[in-house]
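K.L.:
Dropping a structure here in structure tokens format, bear with me for questions.
The values are calculated or read from the model by the stated rules, or taken from the named source; none is laboratory data. It should be emphasised that the depicted structure is a prediction, and the values quoted were computed from it without experimental measurement. Don't worry about glycine lacking a Cβ; one is built from the backbone with ideal geometry, like all the others, and counts go over all protein chains shown. The protein model used for the area step is the full one, side chains on, heavy atoms only, and it has no ligands, DNA or RNA in it. Shrake-Rupley method; radii C 1.70, N 1.55, O 1.52, S 1.80 Å.
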Amino acid sequence: MTDKMHGWQERVKTAEDRAQEESRQDGWRLKHHLMPPVGWLNDPNGLSQKDGIYHVYFQYSPFDPEGGEKFWGHYESRDMIHWRYTGAFLAPDTAWDRSGVYSGCALAEDGKLYIYYTGNVKQDGDYDYIHAGREANTILTVTEDGCTPGDKELLMTNEDYGDDMSCHVRDPKVWYENGVYYMVQGARDSRDRGCVLVFSSEDKRSWTRINVLRKEFLKAYMWECPDLFSLGEQRILSFSPQGLEAETFCFQNQYQSGWCILDGDFRETDGYVLEDFHEWDMGFDFYAPQTFADEQGRRILIGWMGMIECDYDNLPTVGRGWQHCLTIPRELVWDKERKTVLQRPVREMELLRAGEEQYRDKAELEWNRSEGLEVMVSMSGAAGDLSLEAGGLQLAYEQKSGVVLLSFADESGRGRKQRRAKIGELRRARIFLDSSAAEFYLNDGETVISTRFYPEKESLPLKITVENGTILVYHLKNIEIDRI
Ligand code: FRU
């Protein structure tokens, strides 16, 4: 610990060091998913690459695995396989962010990261904290090494968002395009309708609201974590709407995250159209994703593998002092013909493969959860049914209905029951099984389903059956995490 450390840095580090000592006996710790060193993690923040180094910041409550005061934690890596945890990066230590350093982004420019985030302030008093009593400050801090933030600069307060907005405006995402900087922020307007505010700036510091993006038939009261980007020629708006009603095959979670094609000009009041809303992930544990373009030009998405206010839990890890994780980084690919976005685990994940076994139609093995697995199923010829069972976790695809069902036959789902997705024909499935997390990528990432799960036994029977297909099982090495 250095003399220069702030009081909060010391407190966080002490909590992290203690957790590291205890982690050896913790069988739920993840092998190829990023998790908090201690305490609670939610949204990925500040995703970026600068001078070859990937930066993954995250919403972090180090002192309470069930949430609380929000900090930012920070991981960095050159290959998204070997990571280094560098400590807490931002703390709620000013009057502008004293109730929480909320979500935000990083703009990589001139060898620096410009970090924009929301400073949350809950005023003392008797308020609803929606239309009164809350401040959402847009704050900038610049970092050269990714680990040490510069001074915090207050750029915007609620007055700058417009008097047609409630107090809920947050999660700035900034990009540069043709000589202009743009920022989107998620919002709840004064009539409780979700929307996205668009701002522009010439100098990264002084911002003007230029548009409000809405989708008339999407009945959500708040849109969080917006992200506007292009995949090839196609502009996509990603956001996390709150308040949608559940339907049989969609919106089954408490809160949603998804994307729409944005046609036209996002800067013009009547000049754009948001097409249909598609969910990023149909599983139990996914929310608030963010994307970034890496130095190779790939658009990569990472989501929070968690959910709040739901009827299932993660108490096994809470008992170990931590909760939640991030998804595997997913490369986004625009499928022009089908007008859809495919999500594929970044190819660096293949570096984890350590050995493989091949099966036809049926694979039965004993899976020791201390080691991650990747399973690839390819249907030969016409699609048939598929089923995968890992202890009580079951994924079943029925060819007749074109429906895939994720369910639990035992208590390992901790209250998670069923999730369904209508996918039509199933041609391929790629599955990542981690000690307490699973991600299912169906049809090259056209549909993705993610869940946490908590089997009691360290070793589980794994059974995969497919009508007429090949099954490849890869044993995975762990991602490596160093600390400073
Ligand atoms: C989404 C979110 C963001 C907010 C952050 C606070 O999960 O509610 O809108 O900035 O979490 O942790």
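K.L.:
Which net charge results when you count Lys and Arg as +1 and Asp and Glu as -1 among the other residues whose beta-carbon is under 11 Å from that of Lys204?
P.N.:
Local net charge: -3.
K.L.:
Something else now. Rounded to the nearest 10 Å², what accessible area does Asp160 have for a 1.4 Å probe in the complete protein model?
P.N.:
Approximately 70 Å² for this residue.
K.L.:
Determine how large the accessible area of Tyr161 is when every protein chain is in place; take a 1.4 Å probe and give Å² rounded to the nearest 10.
P.N.:
Tyr161 exposes around 0 Å² with every protein chain in place.
K.L.:
If a/c stays under 1.5 just call it rounded; otherwise compare a/b with b/c (prolate if a/b is bigger, oblate if not). Do that for region 8-343, with a ≥ b ≥ c from the square roots of the Cα gyration tensor eigenvalues.
P.N.:
Rounded.
K.L.:
Sticking with this structure for a sec: For region 235-307, report the accessible area per residue in Å² (1.4 Å probe, heavy atoms, rounded to an integer).
P.N.:
Spelled out: the 1.4 Å probe surface of region 235-307, per residue, equals 33 Å².
K.L.:
Please state the relative contact order of the chain as a whole percent: Cα pairs under 8 Å, 6+ residues apart?
P.N.:
Answer for the chain is 14 percent.
K.L.:
Please report the antiparallel percentage of DSSP beta bridges with both residues in the chain, rounded to the nearest 5.
P.N.:
Just about 95 percent of them are antiparallel.
K.L.:
From the convex hull of the Cα coordinates of region 26-162, what is the mean projected area in square nanometres?
P.N.:
9.5 nm²
K.L.:
Another question about this same structure. About the Cα centre, and with charges only on the beta carbon of Lys, Arg (+1) and Asp, Glu (-1), how big is the dipole of region 8-343? Nearest 20 debye, please.
P.N.:
Here the size comes out at about 520 debye.
K.L.:
Measure off, as a whole percent, the carbon and sulfur share of the 1.4 Å-probe accessible area of region 317-470, all protein chains present.
P.N.:
With neighbouring chains kept in place, the figure for region 317-470 is 42 percent.
K.L.:
Taking all protein chains together and a probe of 1.4 Å, list Glu356, Glu371 from the most accessible to the least accessible.
P.N.:
Greatest to least solvent exposure: Glu356, Glu371.
K.L.:
Roughly speaking, what is the centre-to-centre gap between region 395-429 and region 244-292 when only Cα atoms are used, to the nearest Å?
P.N.:
After rounding, the separation between the Cα centres reads 21 Å.
K.L.:
Would region 367-467 count as rounded, prolate or oblate if I go by the C-alpha gyration tensor, calling it rounded below 1.5 in a/c and otherwise prolate when a/b exceeds b/c, oblate otherwise?
P.N.:
It is prolate, given that a/c is not under 1.5 and a/b is the larger ratio.
K.L.:
By how many degrees, 0 to 90 and rounded to 10, does the Cα axis of helix 7-22 deviate from the longest principal axis of the chain?
P.N.:
Between the helix axis and the principal axis of the chain, the angle is about 10 degrees.
K.L.:
Filter the cross-link list Lys50/Lys204; Lys173/Lys215; Lys70/Lys215; Lys362/Lys477; Lys122/Lys152; Lys339/Lys422 down to pairs whose alpha-carbon distance in this structure exceeds 22 Å.
P.N.:
From the list (Lys50/Lys204; Lys173/Lys215; Lys70/Lys215; Lys362/Lys477; Lys122/Lys152; Lys339/Lys422), the Cα-Cα distance tops 22 Å for Lys70/Lys215; Lys362/Lys477.
K.L.:
At a probe size of 1.4 Å, how large is the accessible area of Asp227, to the nearest 10 Å²?
P.N.:
Counting only protein heavy atoms, the figure is 0 Å².
K.L.:
Tell me the mean residue ellipticity at 222 nm calculated for the chain from its helices only (DSSP H runs of n ≥ 4, each -39500 (n - 2.57), averaged over every residue, nearest 500).
P.N.:
Taken over the chain, the calculation gives -1000 deg cm²/dmol.
K.L.:
With a probe of 1.4 Å, find how much accessible area region 355-483 has per residue, and write the answer as a whole number in Å².
P.N.:
Result: 41 Å² of accessible area for each residue.
K.L.:
Classify region 279-379 from the C-alpha gyration tensor, please: rounded if a/c falls under 1.5, else prolate or oblate depending on whether a/b exceeds b/c.
P.N.:
oblate
K.L.:
Further question on the same structure: Roughly speaking, what is the centre-to-centre gap between region 72-124 and region 316-332 when only Cα atoms are used, to the nearest Å?
P.N.:
What the calculation gives is 18 Å, centre to centre.
K.L.:
Whenever you get a sec, line up Lys336, Lys463, Lys457 from highest to lowest accessible area (probe 1.4 Å, protein heavy atoms).
P.N.:
Sorted descending by solvent-accessible area, the residues read Lys336, Lys457, Lys463.
K.L.:
Same structure, new question: So for Glu425, Glu357, what's the accessible-area order with a 1.4 Å probe, most first?
P.N.:
Accessible-area ranking of Glu425, Glu357, largest first: Glu425, Glu357.
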